[in-house]
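First up is the structure itself, then whatever we jot down about it.
All of the numbers you see were taken from the coordinates with simple rules; none came from a lab. Nothing here was measured: the structure is a model prediction, and the numbers come from that model.
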Amino acid sequence: QGIVYRRDGNTVQEVRSWGSAKMPVSFEGAPMDLSMLIQNSCRELLAAVDELEGTGKALVLDPTLSGPLGQVIEMSELQSHGVQKTCHLKEGPLQVEQNKIVYVVRANLPNMYMIAEQIRSLPPGRNYEIHLCQVPRRSAFCERVLEEEGVCDDL
């Protein structure tokens, strides 16, 4: 779980836990109106999740995105779009039972190598549907790494 903290003077308090029952942080009174940015981010994430039809989806997140993602969408909203499991991207085999996997990661080389390794280590004999969302945008360099690693056709 990702946790967002707020520093107030000398104290630090938990503001929001990803997947918890705590209320989301309010952007009311912010110097800029961020509601459109939040709505667009939420819509784009749900569109990526909805590209895989049905239920039984796993969402694999870059750990650095958990906090910001928690400001954009509630876990219950993801569940209503078929996400059964969320986990962080980390080295080693992917520990999910779902056949439909959505990666939401920052576009950088270490993430691409971890994703390639996880795809290669998926148990054979099952049909997987895998989507990759690179944040803030797709990177041609990252795409080339995935091609060189031999997993581009799996995405």
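General remarks:
- Summarising the amide proton neighbourhood of TYR103: residues at separation of 5 or more, or on other chains, whose placed amide H is nearer than 5 Å comprise VAL60, HIS131, LEU132, CYS133.
- Cα gyration tensor, region 32-72 - rounded (a/c under 1.5), prolate or oblate: oblate
- Cα gyration tensor category, rounded, prolate or oblate, for region 59-155 with a/c compared to 1.5: oblate
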